[in-house]
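**Student:** Sending over a structure as structure tokens; questions will come in a sec.
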Amino acid sequence: MNYSPLTIHCASLCLDVIYSPSFMKLTMQDILSAEDEIADMVYERACLLTQKNDRERRLARVVAKCLVEVTLSHRFEPRPVGVEWLLGRIEAEIEMNTQFD
């Protein structure tokens, strides 16, 4: 399957967090409070690919929420991360939120 550059960027960001040495020390609040920062990073990346507008901001929020959910899931139910699953999950979020634009 072909994945968008934004999907690859987001998956890399998520995996960097999950596989960092300090990941297991993060609390639920730590992860939840990072959502705005994640959204900002996703937004900046999305704007490298297109112009800045409200659509990209909404997309960044949706994708950040997805990444936080994945991160929380792996923090409290540790297991290997299926990279194909992660890429598919992120790509599906992006497609669902851009199909009517």
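The values are calculated or read from the model by the stated rules, or taken from the named source; none is laboratory data. Not measured: the values here are computed from a predicted model. In this analysis, Cβ positions are derived from the backbone assuming ideal geometry, glycine residues included, and neighbour counts consider all displayed protein chains. The protein model used for the area step is the full one, side chains on, heavy atoms only, and it has no ligands, DNA or RNA in it. Shrake-Rupley method; radii C 1.70, N 1.55, O 1.52, S 1.80 Å.
**Student:** So, with +1 on the Cβ of K and R and -1 on the Cβ of D and E, and no other charges, what is the size of the charge dipole of the chain about its Cα centre, to the nearest 20 debye?
**Tutor:** That gives a dipole near 80 debye.
**Student:** Count neighbours as other Cβ atoms within 10 Å of each site's Cβ, and list the trypsin sites (Lys or Arg not before Pro) in the chain that are DSSP loop with at most 14 such neighbours.
**Tutor:** Lys52
**Student:** Still on this model: Enumerate the residues in segment 3-35 having an amide nitrogen under 20 Å from the point lying 7 Å beyond the Cα of Glu95 toward its Cβ.
**Tutor:** Residues 3-12 qualify, since their backbone N sits under 20 Å from the label point.
**Student:** Kindly provide the chymotrypsin sites (Phe, Trp or Tyr not before Pro) of segment 8-63 that DSSP labels as loop, not H, G, I, E or B, and whose Cβ sees at most 12 other Cβ atoms within 10 Å.
**Tutor:** Tyr19
**Student:** I would also like to ask the following. Using a 1.4 Å probe and ignoring any ligands, DNA or RNA, find the accessible area of Val62 and quote it in Å² to the nearest 10.
**Tutor:** 40 Å²
**Student:** Here's another thing I want to ask about it. Provide the net charge surrounding Ile31, with neighbours chosen by a C-beta distance below 10 Å and charges set as Lys +1, Arg +1, Asp -1, Glu -1.
**Tutor:** -2
**Student:** For the chain, return all DSSP H helices satisfying: extent of Cα atoms along own axis at least 18 Å; mean Kyte-Doolittle hydropathy at least 0.0.
**Tutor:** Helices meeting the span and hydropathy rule in the chain are 5-18, 35-49, 83-96.
**Student:** If you don't mind, there's one more thing I want to ask. At a threshold of 8 angstrom on Cα-Cα distance, excluding pairs fewer than six apart, so keeping six or more, what relative contact order does the chain reach in percent?
**Tutor:** Contact order relative to length: 41 percent.
**Student:** Per DSSP helix of 4 or more residues, -39500 (n - 2.57); summed, then divided by the residues of the chain. What does that give at 222 nm, rounded to the nearest 500?
**Tutor:** Taking each H run of at least 4 residues, the total per residue is -23000 deg cm²/dmol.
**Student:** If you take the Cα Rg of segment 53-101 and divide it by 2.2 N^0.38 Å, with N the number of residues, what do you get?
**Tutor:** 1.27
**Student:** How large, in Å, is the chain by the Kirkwood hydrodynamic radius built from its alpha-carbon pairs?
**Tutor:** Value: 13.8 Å, from the Cα pair sum.
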